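Report on the structure given below.
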Amino acid sequence: MKFRKVLLWIIASSLLNIGCVVFHPESLSKDSLGYRVRHYNSCGPEALEEAFSRLGEKNVDRIQISRNIQDTGNTLRYLMMLVHHDTILVSFPHEMKNVCKKYGYEMVEVDKEIDDLDPQKDIAIVLLFGDFLKGESHWAAYPHTDNIKNWFGSNTKISKIFILKKIN
């Protein structure tokens, strides 16, 4: 009996959240090539675009980066949309790493504090989290992004720092 109530609650919750997408059809809009356009201006592609620019890469923009990310599939993003329509914006670490490889770079995770990075030498991608219940997460480009340590205010947690290194 208890299991049935939990199952009904999950189904009802999912149906209500799917309804959220119905009220936000822009979250699912596609371009003429079938890519989700809201993802183009999300923080993952933006952070990589800025990092590649600082590394001297020309002709790489966030739209290309987003399309490369979406080429790995959107299934997990679609499933997450059952919780909230904005999860179409998510870029996962493995997707970010794959894009870097495509452009000749490796994202090397470092065990450093953000203050230990050299803004003259290091180009990094930083994964930030804020309030978990609000679903706050963000990719930032170092040293470009201002206020990385306080992006979500006092809730900001720097989860991972990846230095971009050219693959020989």
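A short reminder: the numbers here are calculations on the coordinates, not readings from a lab. In this text the structure is predicted, and so the values were computed from the model without any measurement. In this analysis, Cβ positions are derived from the backbone assuming ideal geometry, glycine residues included, and neighbour counts consider all displayed protein chains.
Couple of notes before you dig in:
- Cβ-based net charge around VAL99, under 15 Å, with every Lys or Arg adding one and every Asp or Glu removing one: -1
- Electrostatic tally near LYS149: other residues with Cβ closer than 15 Å to its Cβ, Lys and Arg +1, Asp and Glu -1, net -2.
- Prolate/oblate/rounded label for segment 105-168 (Cα gyration tensor, a/c 1.5): prolate
- Residue pairs exceeding 26 angstrom between C-alpha atoms, taken from LYS102/LYS160; LYS30/LYS166; LYS58/LYS157: LYS30/LYS166; LYS58/LYS157.
- Those GluC sites (Glu not before Pro) in segment 104-158 that DSSP places in a loop and that have at most 13 other beta carbons within 10 Å: GLU113
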